[in-house]
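*Asks:* Following this message is one structure expressed as structure tokens.
Values quoted throughout were computed directly from the atomic coordinates according to the rules given, and no laboratory measurement underlies them. None of these values were measured; they are calculated from a predicted model. Neighbour counts are summed over all protein chains in view; Cβ atoms, including those assigned to glycine, are modelled from backbone coordinates with ideal geometry.
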Amino acid sequence: MTGASAVEDIVKSEYAHGFTTEIESDTLPPGLDEQVVRAISQRKGEPEFMTAQRLKAYRHWLTLREPEWAAVNYPKIDFQAISYYSAPKRPEDAPKSLDEIDPVLLETYNKLGIPIEEQKALAGIAVDAVFDSVSVATTFRSTLAEAGVIFCSISEALRDYPDLVKPYLGSVVPYTDNFYACLNAAVFSDGTFVYVPKGVRCPMELSTYFRINARNTGQFERTLIVAEAGSYVSYLEGCTAPQRDENQLHAAVVELIAMDDAEIKYSTVQNWYPGDERGVGGIYNFVTKRGDCRGARSKISWTQVETGSAITWKYPSCILRGDEAVGEFYSVAVTKGRQQADTGTKMIHLGKNTRSTIVSKGISAGEGQQTYRGLVRIGRRAEGARNHTQCDSLLIGDRCSANTVPYIEVKNPSAKMEHEATTSKISDDQLFYCRSRGLTEEDAVSMIVNGFCKEVFNELPMEFAVEAQKLLSISLEGAVG
Amino acid sequence: MLSVTGLRATVGDKEILKGLDLKVGPGEIHAIMGPNGSGKSTLSHVLSGRDGYTVTAGSVLFEGQDLLTLEPEVRAQLGLFLAFQYPVELPGVNNTYFLKAALNSLRKARGEPELDAVSFLRLIKEKLKILHLDDSLLKRAVNAGFSGGEKKRNEIFQMALLEPKLAILDETDSGLDIDALRVVAEGVNALRSPERSMIVVTHYQRLLDYIQPDYVHVLARGRIIRSGGKELALELEEKGYGWIDAELAA
Amino acid sequence: MNAPLHSGLEHWLSAPDDTPAPDWLLEQRRAARVRVSAQPLPHSKEEAWRYTSLKGLLEQDFSAIDEPLDALQAEDLDAVLIAGLDAHRVVLVNGRFAPELSTLDALPAGVRIGGLRDWLDRDPESLRGQLDTARGESGAFFALLNTAGLDDGLVLWLERGTLLERPVELIHLSVELDEPRVAHPRHLVYLEAGAQATLIERYVSLGASLYCTNAVVEVLLGRDAVLKHERLQMESRNAFHLTSLYLVQDANSRYVGVNIGLGARWARTDLNTRFRGEQAECLLHGLYLAGDGQLLDYHLDVEHAVPNCRSEEQFKGLLTGAGRAVFDGRVLVAKHAQKSDAAMSNRNLMLSEQAEIDTKPQLEIYADDVKCSHGTTVGQIEPEMLFYLRSRGIDAARAQRMLCLGFAAEILDQLGAEAVREQVAEAVAQRLG
């Protein structure tokens, strides 16, 4: 069997996006106390209520303990060794267009193989590129402004539209939610704000590239998307990070709010640095993502392709509050080398005739460890709720692991829910069949794995689907014995 | 026997039957033909009392009794039988047990004593022969894992056992190959009697080659637009259903 | 001298020297008591107790049974016997072996059946290395309590190659006493290599008794051994019921378990199985019916510790009234346990407005060449099915009952003896009203 050698090759396939960009940063010294929290708020010129909210969150955070229930192992994080703010020099001089962007940064994107210009040209995507923590470029503003869509950094939103942001920020993920969300509420650096007014179909796909660069800098993104009644928006998020030799913490919070008949589609391709062969370095990706289907017939759809990070801890969720609301979760997660992922979703059915779909595809190779952890809860008043869950794991090599931990709680007997899960390896028969038709083993594996993930890729916007497939192929590169 | 007058029925907001009239006398066989979506299955379901249909106007009298207010099981006890187009599978529900429960409930309603196990088994074996069914069928769960043909034969077998006064055969020919069709039709013909009426609902004329109707009705857009003898079926076969639109438009 | 027990459990254990026991066993009991005292009470923050509260149990203030109940006559037993079941019968009354009610004549050679207490009195050394070994290092709270309070129970021991044709029926009969009592029966089933047997383990009561059963069943299957194990929990609706099964299987052995749960106000069942040799097979079937005021909680822990074993877990639930059920199934495939095959399913039928179900089927897999799956459904009776039956003249209530029994048939069919199958089906039908 060539499987063993194929595994070796997968394990050895190096992180294609490993490099560091030299850019001067305006960075706070490591450590966290009230002074640091105030300093962050001050530097960003935030309104007073925000400073107060950050402090409240910080004080609450001090009372919390780091969660231990996820099936992931890592050395204890020293939260005093992390720097909580890093911005490109002179943030007030942040460039207004791509021309003003530091050519070194542009080259960084080029090295990633996803140059902004190409992306722009590709499908008219507005790109709000986040380099470290502060937004440095926003394009297509005018087109969006015409439609009445607000698409800007969260710092900007807090300055320019404080009354619009205030009632929503923290309304889906309150600072009391969990340890990392609380930390984020205290120290969040920047992120994205999207507001789609009533009845507006956002004229383009919105996209942000997140990157982590500065040494020892935690990144605490905050994203808030509000879709008013009858509106539609598709948001794409992609991440890569340069090679690092120390662990980096990333604790983002994403909040989505959909009113009556509104739809939000949130897609993620995550390819942060996973650490080296021995598991050194790599990003800790502890993210809280939650969507609130507040309105009747609203819909929130999460699609994610997770191939990076040393540790992923994330459960994009939907609260199906409005009657006939729809929640969806489509996920492909790859763990190899020493990567660990504990990921899944929560579907909380509260409204009548709410529906949810969960499709999770996990691929574990090398010594990768992966856990699907999902919750489907049908509330007492959620008459006529429906859920379908399909949860498949593919194992490559005999040193990896795959766990499936679904929680299904039904308090309304009119609920119909189906959950199916399988765990298997690529069968020798499938491999042999492909090879007997002339495919190399590597192509065969790639083809079979892509087929395994197809249901999820189908949910991605076209440009992203192509990138996701490319990422998956890179992840499985060298799978030939 | 059966008298349907001005029957209107809706599914959700959509009106399917729009004032349907039909009279079936004892021993008569009526064929109801019509294109897809004309309301054939709705008629079968409304007559047998299936949920999901709202009767907004009209009446259905069965031997003088108002059928529409009755529960489905009471209709069956009165002697109404529907042979389903798509018989549902009942995993785990043993066929013999099911048949016995059904037969005895009908007997009880008629004030007859329940059959003991021996006479029941004798009766059932006799009826199985009519449909060329194997008695291994009795050990299986109702319709579970049956082929399409087996399901349809099982429906007619139940009809033979329950001996209804009025049987509605809802597209019994759909999905049957010619041999299976012949067996089913033979079964039906064996059950013809002066006391038993039948409504044969079908899309195709071919079933009527085997089961000769006394009357043929054309159902279109929720109403019977033409009635005639069996020659009407042949006419339909020749002309198809296309002419209906022309006629209705006129 | 004795470590103090938790509030609400103070009287769960009688003085440890009350039972005849060799030193090694006394030591085991003492260690268990120390360990259980040092542990916190199970609480909802623990995964294993996430959905099940001990509140009702602790409120009862149960105390350990100290005296055997001699007052029962053979006639009293008639009410709980299954007509037509031909079996070697072992009767325990309130956790104590009752030889006068048991029928253990005509045992074939190689079969030893007896009360644990007697056995410990006569031949304690034979149980050394067998008794309380399957449990391993488990820190499960109530199994530890059972060990600490270990007193009497069944020992079923088949020597190498012995085939026991008639089933062994273990009747665990409970009767309410002056105050709420708890019994800690401990059963040991040991089938040496190639032995085969059927054990029907029944939990029943006289009348609507209030009591608590905290049982532990240990099953050791030698190479090629085969055990059919039917467990019928039909306790009084006022009773509390806890059982833990610990099963260890050697190579090529086969275990078929059928767990029926109909009784008790509050019942918790833990099934722990472990493959120790390859090519072994373990089938766990279950049917539970929870109605008004009932909580039935099932936990499965199936460990594929070695390669080439197969397990199948199939549990079905019917929920009526304000009934609640919990299913928490875990299949673990250890590193190197290649070619493991595991299929778990949990299907639930909700029959009322107030019923609740929490289900959590887990796979934990550390080997790649495996075939593992699980499926869970929660749903209602299909209206088409109901209509079909009604269109044949069967009234709605009866049609619903027929469909529920049809749903349950897959599990009921696993019960080997027709008499048992009929009795359980009858009980299910009765509960469905």
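*Asks:* Provide the per-residue ³J(HN,Hα) series for region A:410-422, in order, calculated from phi with Karplus coefficients 6.51, -1.76, 1.60 and θ = phi - 60°, each as a whole number of Hz, with x at glycine and proline positions.
*Replies:* My calculation for region A:410-422 gives 10, 10, 10, x, 7, 6, 10, 9, 10, 10, 10, 9, 9 Hz in order.
*Asks:* Quick check: net charge around B:GLU235, other residues with Cβ under 15 Å of its Cβ, Lys/Arg +1 and Asp/Glu -1?
*Replies:* Summing Lys/Arg as +1 and Asp/Glu as -1 gives -1.
*Asks:* Check which residues have an amide H placed less than 5 Å from A:LEU236's amide H, if you skip close sequence neighbours.
*Replies:* Distant-sequence amide H within range of A:LEU236: A:LEU206, A:SER207, A:THR208, A:SER267.
*Asks:* To test your reading of the geometry: what angle, between 0 and 90 degrees and rounded to tens, separates the Cα axis of helix B:117-130 from the longest principal axis of chain B?
*Replies:* Compared with the principal axis, the helix lies near 50 degrees.
*Asks:* For a Förster distance of 45 Å, can you work out the FRET efficiency between the beta-carbons of B:ASN36 and B:SER119, rounded to the nearest 0.05?
*Replies:* Efficiency computed from Cβ-Cβ geometry: 0.55.
*Asks:* If a/c stays under 1.5 just call it rounded; otherwise compare a/b with b/c (prolate if a/b is bigger, oblate if not). Do that for the protein assembly as shown, with a ≥ b ≥ c from the square roots of the Cα gyration tensor eigenvalues.
*Replies:* Oblate, since a/c reaches 1.5 and b/c is not below a/b.
*Asks:* Go through region B:9-19 residue by residue and turn each phi into a ³J(HN,Hα) via Karplus (6.51, -1.76, 1.60, θ = phi - 60°); whole Hz please, and just put x for glycine and proline.
*Replies:* In residue order, the calculated couplings are 9, 10, 10, x, 8, 9, 7, 9, 9, 10, x Hz.
*Asks:* Can you sort B:LYS239, B:LYS18 so the residue with the fewest Cβ neighbours within 10 Å comes first?
*Replies:* B:LYS239, B:LYS18
*Asks:* Taking the Cβ of C:ARG237 as the center, what net charge do the other residues with Cβ under 13 Å away carry, scoring Lys and Arg +1 and Asp and Glu -1?
*Replies:* Value of the local net charge: -1.
*Asks:* If you rank A:CYS318, A:CYS293 by fewest surrounding Cβ atoms within 10 Å, what's the result?
*Replies:* Ascending Cβ contact count within 10 Å gives the list A:CYS318, A:CYS293.
*Asks:* Let me ask you something else. Pull up all non-local amide H partners of A:VAL376: gap of 5 or more, or a different chain, and H-to-H distance under 5 Å with H placed in the peptide plane.
*Replies:* A:MET347, A:TYR407, A:ILE408, A:GLU409
*Asks:* Cβ under 11 Å from A:THR345's Cβ, A:THR345 left aside: what net charge do those residues give with Lys, Arg +1 and Asp, Glu -1?
*Replies:* +4
*Asks:* Cut-off is 10 Å between beta-carbons; in what order do A:ILE448, C:ILE365 appear when sorted fewest neighbours first?
*Replies:* Fewest to most other Cβ atoms nearby, the residues stand as A:ILE448, C:ILE365.
*Asks:* Give the long-range amide H neighbours of B:GLY58: residues separated by 5 or more places, or on another chain, with amide H under 5 Å away, using H modelled in the peptide plane at 1.01 Å from N.
*Replies:* Sorted by chain and number, the residues that satisfy this are B:ARG8.
*Asks:* Counting DSSP beta bridges with both partners in region C:16-277, what percentage is antiparallel, nearest 5?
*Replies:* About 10 percent, rounded to the nearest 5.
*Asks:* Further question on the same structure: Calculate how many DSSP beta bridges within the protein assembly as shown are antiparallel, expressed in % of all such bridges and rounded to the nearest 5.
*Replies:* Percentage antiparallel, nearest 5: 15.
*Asks:* Tell me the relative contact order for chain C as a rounded percent, counting alpha carbon contacts under 8 Å between residues six or more apart.
*Replies:* Answer for chain C is 10 percent.
*Asks:* Please list, in order along region B:165-176, the HN-Hα scalar couplings obtained from phi with the Karplus expression 6.51 cos²θ - 1.76 cosθ + 1.60 (θ = phi - 60°), rounded to whole Hz, x for Gly and Pro.
*Replies:* Here the 3J(HN,Hα) series is 7, 9, 10, 10, 9, 8, 6, 4, 7, 5, x, 9 Hz.
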